[in-house]
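Just below is one structure, and these are the notes that go with it.
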Amino acid sequence: MPDSAPYQAPPKGWRTFLIVWITQSISVIGSALTFFAITIWLTVTLYPTEAQKPQLAWALSALSLSFAVPTVFLAPIAGAFVDRHDRKRTMIAMDVANGFLTLAILLLIAAHRLNIVELIVIGALSASFGTFHSAAFDTSYAMIVPEEKLPRANGMMQTIFSLSGIVAPGLAAALISLPALARQGNLPGFASPLGQIGDGAVLAIGIDSATFFLAAITPLFLFIPSPKRTDLLTETGEKKSLWADVKEGALYIWHRRSFLWLLGTFTVANFTSGALVLQPIIVKFQIAPDWTARGLTLEAALALLATIGSLGGVAGGFFISAWGGLKRRRVYGVLVALIVSGLAQITYGASRWLFVSAAAAFLMEGMIPVMNSHSQTIWQTQTPRELQGRVFSVRRLIAQFSWPASTLLMGGLASRFDPGLIIVTVGSILTIWCAIGLFNPYLMRVEDKEWIEAQALKNAGVAAD
């Protein structure tokens, strides 16, 4: 059994976390610039007409799948890998690799050679590198942050993605428009060379590439320890295989059935979130009369919804960071937040008005830091640090496998049914599931460590018979 003695974070661990958090935040914002630019390219350039609505739905689903499949199904391998290797070096290598991939997208757009097939391939590679980076990063900050500050750190981590949603859409839209403005003479003289750029997307993507390299350089100057494995050899003296590590992480969860119920809840939540891949279609068609009447463009409407939604995420992240979250019965912080999110999703799918959709997006995004921070803290405090790579990666597979399945399904459903009705339906499923979860005795005891470990010993004994 792994050593479960209390772990002491390094003396300057919180300072190290803050530095890494800042550089990773910048990198995430850069990646959001690329994502927004590519979404605009698909919606406006590749599939611009209403007759191409089915193709656009499939393209959005396929691109989302290119990220989802590696993120989910490579997770167990990535988790076992980072439990065996230096996590800081893994983070650095993956950031460098993604920096070069982003440069490849930039060059293809500049040469007018980017197509959906190439975009999907690059997206899959980027997600693969990102999966190893996430496995290393998610387990590294538990090594440098004191346990009493983990809820606050988790809230700050959740804020990164929401903050990127605020900054990136408006910034990306502005960057994309700069070449056209320069050609029209609407920029100062020193900016006139921008008019020679054929597509403003290269500006947004170029910034993204630079942020990856910044994120890779910073850890070189910081102390980020990795746990020392003492169980890499079998009883016969042979080195454990990578697959043995994956199995160990899976069994850790399987023997603790309360964890399975918690993961089941996130499996449902991730299935319902797959419907949100249809958001650009909702904006372009369902609420178009409202934003058109307000004198907005599609880019502006998408940016507005993304920004307000992300403001909700930042508000939720700041709230959980300042509060620190529930100190006990954290499962309520998961379930209640998901119920609110499900109700907001129902509203979003039914809405025909831009600002009602924006309010729903604010709530959906605002609940993400609350539920994820409480969930992450449960796992970090229950799982030995030297096991976290293996356990967290299997956890990700179980919780998120429904996301690519849902994304694929939504592309087909949207070609036959109203996208708004689809979102209303899945939001209702999430709300009902989580409301029932409040009365699930296994789920309600997910933080009762003594009871869970007793059940784990019993289940392990049954499994060995």
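The values are calculated or read from the model by the stated rules, or taken from the named source; none is laboratory data. Keep in mind that what you see is a predicted model, and the values were worked out from it rather than measured. Backbone-built Cβ (ideal geometry, glycine too); neighbour counts: all protein chains shown.
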### Task
Test residue 338 against the criterion of being in contact with a Cys (Cβ under 6 Å, 6 or more places away or on another chain) and assigned to a helix (DSSP H, G or I), and give yes or no.
yes
### Task
May I ask you to verify whether residue 401 is surrounded by fewer than 21 Cβ atoms within 10 Å (Cβ to Cβ), within 30 Å of residue 80 (Cα to Cα) and either among the aromatic types (Phe, Trp, Tyr) or in contact with a Leu (Cβ under 8 Å, 6 or more places away or on another chain) (or both)?
yes
### Task
Name the one entry in 76, 54 that is under 30 Å from residue 456 (Cα atoms) and either in contact with a Pro (Cβ under 9 Å, 6 or more places away or on another chain) or assigned to a helix (DSSP H, G or I) (or both).
76
#### Entry: Filter result for residue 262 (part of a loop (DSSP other than H, G, I, E, B), under 30 Å from residue 410 (Cα atoms) and at pLDDT 80 or above)
no
### Query
Is there any pair with a first residue in the range 138-155 that is in contact (Cβ under 8 Å) with a residue 12 or more places away in the chain and under 15 Å from residue 384 (Cα atoms) and a second that is among the basic types (Lys, Arg) and surrounded by 20 or more Cβ atoms within 10 Å (Cβ to Cβ) whose Cβ atoms are under 7 Å apart and which are 6 or more apart or on different chains, and what are they?
139/87; 140/87; 140/88
### Task
Please find, within the range 341-355, the residue that is farthest from residue 303 (Cα to Cα) out of those that are of a type in the set (A, V, I, L, M, F, W, C) and assigned to a helix (DSSP H, G or I).
343
### Task
Report, ordered by the first and then the second residue, all pairs with beta carbons closer than 9 Å, sequence separation of six or more or different chains, a first member in the range 167-188 that is at positive phi, and a second member that is surrounded by fewer than 19 Cβ atoms within 10 Å (Cβ to Cβ) and in a helix (DSSP H, G or I).
185/192; 185/195
### Task
Scan the range 180-196 and give yes if some residue there is within 32 Å of the chain's Cα centre (by Cα) and either assigned to a helix (DSSP H, G or I) or over 22 Å from residue 130 (Cα atoms) (or both), otherwise no.
no
### Summary
In the range 298-330, anything more than 27 Å from residue 154 (Cα to Cα) and at pLDDT below 80 is listed as 299
## Note on the structure
Looking across the range 108-144 at residues that are modelled with pLDDT under 85 and closer than 23 Å to residue 395 by Cβ, the single one that is nearest to the chain's Cα centre (by Cα) is 138
#### Entry: Subset of the range 404-425 that is of a type outside the set (D, E, K, R) and assigned to a loop (DSSP other than H, G, I, E, B) - its residue that is surrounded by the most Cβ atoms within 10 Å (Cβ to Cβ)
415
### Task
Considering every residue within the range 102-119, establish whether at least one is within 30 Å of residue 225 (Cβ to Cβ), in contact (Cβ under 8 Å) with a residue 24 or more places away in the chain and surrounded by 20 or more Cβ atoms within 10 Å (Cβ to Cβ).
yes
### Message
As an exercise: evaluate residue 233 against (1) at pLDDT 80 or above; (2) under 30 Å from residue 459 (Cα atoms); (3) aliphatic (A, V, I, L, M) and give the number of the one condition it does not meet.
### Response
(1)
### Task
Go through the residues of the range 258-272 one by one and say whether even a single one is out of contact with any strand residue (DSSP E or B) (no Cβ under 8 Å at 6 or more places or on another chain), at positive phi and not acidic (Asp, Glu).
no
### Query
Which numbered condition trips up residue 216, out of (1) at pLDDT below 90; (2) surrounded by 13 or more Cβ atoms within 10 Å (Cβ to Cβ)?
(1)
### Task
Return a yes/no flag: does the range 299-319 have any residue that is assigned to a helix (DSSP H, G or I), over 21 Å from the mean Cα position of the chain (by Cα), aromatic (Phe, Trp, Tyr) and surrounded by fewer than 22 Cβ atoms within 10 Å (Cβ to Cβ).
no
### Query
Which of the residues belonging to the range 244-263 are of a type in the set (A, V, I, L, M, F, W, C), in contact (Cβ under 8 Å) with a residue 60 or more places away in the chain and more than 21 Å from residue 375 (Cβ to Cβ)?
246
### Message
Tally up the residues in the range 79-119 that are of a type in the set (Lys, Arg) and not in a helix (DSSP H, G or I), please.
### Response
1
### Query
What tally of residues in the range 172-201 results from selecting those that are within 29 Å of residue 22 (Cβ to Cβ) and buried (at least 20 other Cβ atoms within 10 Å of the Cβ)?
6
### Message
Given (1) surrounded by fewer than 17 Cβ atoms within 10 Å (Cβ to Cβ); (2) in contact with a Lys or Arg (Cβ under 8 Å, 6 or more places away or on another chain), identify the lone condition not met by residue 244.
### Response
(2)
### Residue satisfying all of: in the range 436-450; in a helix (DSSP H, G or I) and in contact with a helix residue (DSSP H, G or I) (Cβ under 8 Å, 6 or more places away or on another chain); surrounded by the fewest Cβ atoms within 10 Å (Cβ to Cβ) among these
449
